[in-house]
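Scroll down for the structure; my scribbles are underneath it.
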Amino acid sequence: MEQNITAGWLRPLIADRLTPYLEIDAPRLQRNLQLMQQKADAAGVALRPHIKTHKSVWIAGQQRALGARGITVSKPSEGVAFILGGERDLLLAYPIVHADTLAELLAVAAEYQARITCIVDGEMGVKAIAAAHQRQPDCSLAVAIKVDVGLHRIGVDPHSDMAITLAQRLKSAGLPFAGLVSHAGHAYGAGNPTAIAEVALQEIALMRDVQQRLAEAGFTPCPISVGSTPTALAAPVASGSDEIRPGNYALLDLTAWRLGLCSPDALALSVITRVVAVNPHFAIIDAGSKMLSSDKGPHGTNASGFGIAVDEQGNHYEVLKLSEEHGFLQYGDQAPPVGALLRIFPNHSCAVVAQSDRIVLRAADGSAQELDIQGRGKFI
């Protein structure tokens, strides 16, 4: 796969620290954040970014400064870290089926006067959230209903009356109804921007139908929150949406590039690595699965390798396979020399950030600072 490339791929490699490490290009990050905020503002919708991609309190602060209204988190412990980091309006986009799961989050939210929105897609969730709220009644808590718009992971069937049933259960439990939430993660499998835009249209059509039936049952207002980076990049913000929740847009990755959603110049995250050995079969680098993860792309996008490595001359090499501490680069006529620095653009930024405790934020002038990744390792 060796060849010479430019146009956004070739960037300075600065030998100022030990490898491997994560690097975020600060100007590219800022540009990505600004473009999505501008898109939300132009459409008149709230942007509630999903922080599972960067997991960084500092980056969430940048998003908030640009105009983001709250954040989306994956797990309660992740939410705790971000409340401690200054966030005060959180959507927990994960189903709760056990009251104890929410205990710490609601306690910390009450202490810091943060608002929490949970999601449900079944009656067990309503019971669990209600029980948790009874133990922490001073927490500002609301509940949205998750709708399955095609990913078939969690969510109510949009063609059923389950949303109405759950809204009635929330009312009986004394839990404020926060509207409808969806995630069109299956858009990653659509293959190209045109097909992804069609997924976005299908998503809002399903959501508006459920919203209409809830309104007829007396549940108003019923705001609609949709969320995925592919649909947010490939299509205009759908009419009828009140909120969008993309996450990957902040850093982007090879999956977004392969789908035609961004140029290489928009890729803000990379892994800086060094060649440690060369043999007749592979060039070996010091970044393995513990650094890059073994992710070939979200929701089955399934790349052939584990990233693209670029050297200082613009030659690039596919990361063909991984062991825990080493990556195996495929090369053609000329291998990169032992000791050479390389920049790897990964398949899936969310999975790669989850592997490290810190990120190096690289400014345009080459200077750098280290950021802690406060949301890393938050599994509960």
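Being on the phi > 0 side of the Ramachandran plot and surrounded by 20 or more Cβ atoms within 10 Å (Cβ to Cβ) is a property that does not hold for GLY125. From the list ALA187, ALA197, the lone residue that is open to solvent by less than 30 Å² (accessible area, probe 1.4 Å) and in contact with a His (Cβ under 9 Å, 6 or more places away or on another chain) is ALA187. Restricting ALA40, ALA60, ALA65, ALA15 to those that are hydrophobic (A, V, I, L, M, F, W, C) and part of a loop (DSSP other than H, G, I, E, B) reduces the list to ALA15. Taking the stated definitions as given, is GLN30 under 30 Å from ASN315 (Cβ atoms) and part of a helix (DSSP H, G or I)? It is true that GLN30 is under 30 Å from ASN315 (Cβ atoms) and part of a helix (DSSP H, G or I). Can you find even one residue in the range 56-66 that is buried (at least 17 other Cβ atoms within 10 Å of the Cβ) and among the β-branched types (Val, Ile, Thr)? There is at least one residue in the range 56-66 that is buried (at least 17 other Cβ atoms within 10 Å of the Cβ) and among the β-branched types (Val, Ile, Thr). Restricted to strands (runs of 3 or more DSSP E) entirely inside the range 249-367, those with at least 1 residues that are touching a Phe, Trp or Tyr at 6+ places or on another chain (Cβ under 9 Å), polar (S, T, N, Q) and buried (at least 17 other Cβ atoms within 10 Å of the Cβ) are 269-278, 315-322.
Filtering the range 208-221 to residues that are out of contact with any helix residue (DSSP H, G or I) (no Cβ under 7 Å at 6 or more places or on another chain) and not in a helix (DSSP H, G or I) leaves GLY218, THR220, PRO221.
When VAL73, VAL120 are checked against the criterion of being open to solvent by less than 30 Å² (accessible area, probe 1.4 Å), touching a helix residue (DSSP H, G or I) at 6+ places or on another chain (Cβ under 8 Å) and closer than 26 Å to LEU33 by Cβ, VAL73 stands alone in meeting it. The C-beta contact set for the range 63-82 (first residue at positive phi, second residue in a helix (DSSP H, G or I) and surrounded by fewer than 23 Cβ atoms within 10 Å (Cβ to Cβ), distance under 8 angstrom, 6+ apart or interchain) comprises GLY67/GLN37; GLY67/ASP41.
Taking the range 96-145 on its own, how many of its residues are among the charged types (D, E, K, R) and touching a strand residue (DSSP E or B) at 6+ places or on another chain (Cβ under 8 Å)? Reasoning before the result, please.
Narrowing the range 96-145 to residues among the charged types (D, E, K, R): 100, 104, 111, 115, 121, 123, 127, 135, 138.
From what's left, touching a strand residue (DSSP E or B) at 6+ places or on another chain (Cβ under 8 Å): 115, 121.
Selection size over the range 96-145: 2.
Within the option set ALA309, ALA287, being within 21 Å of ALA7 (Cα to Cα) and more than 22 Å from the chain's Cα centre (by Cα) holds for one residue only, ALA309. Could you please let me know if LYS171 is within 27 Å of the chain's Cα centre (by Cα) and among the basic types (Lys, Arg)? Judged against the criteria, LYS171 is not a match.
Touching a residue at least 12 places away in the same chain (Cβ under 8 Å), open to solvent by 40 Å² or more (accessible area, probe 1.4 Å) and touching a Cys at 6+ places or on another chain (Cβ under 6 Å): is that true of GLN211 in this structure? For GLN211, the condition - touching a residue at least 12 places away in the same chain (Cβ under 8 Å), open to solvent by 40 Å² or more (accessible area, probe 1.4 Å) and touching a Cys at 6+ places or on another chain (Cβ under 6 Å) - is met. Quick check on my filter: what residues within the range 125-174 are of a type in the set (A, V, I, L, M, F, W, C) and either closer than 16 Å to GLU216 by Cβ or modelled with pLDDT under 95 (or both)? Hits for the range 125-174 are ILE145, MET162, ALA163, ILE164, LEU166, ALA167. Residue pairs whose Cβ atoms lie under 6 Å apart, sitting 6 or more positions apart in sequence or on different chains, and linking a residue in the range 83-105 that is touching a residue at least 60 places away in the same chain (Cβ under 8 Å) to a partner that is polar (S, T, N, Q) and open to solvent by less than 90 Å² (accessible area, probe 1.4 Å), are GLY85/GLN374; LEU91/THR72; LEU91/THR117; ALA93/THR72.
Scanning the range 76-103 for residues that are over 18 Å from the mean Cα position of the chain (by Cα), among the charged types (D, E, K, R) and either farther than 20 Å from ILE373 by Cα or buried (at least 20 other Cβ atoms within 10 Å of the Cβ) (or both) gives a single hit, ASP100.
The values are calculated or read from the model by the stated rules, or taken from the named source; none is laboratory data. As the structure is a prediction and not an experimental result, all values here were calculated from the model. No Cβ is skipped: glycine too gets one built from the backbone with ideal geometry, and neighbour counts run over all protein chains shown. Please note that ligands, DNA and RNA were not included when accessible areas were found on the heavy atoms of the full protein model with its side chains. Shrake-Rupley method; radii C 1.70, N 1.55, O 1.52, S 1.80 Å.
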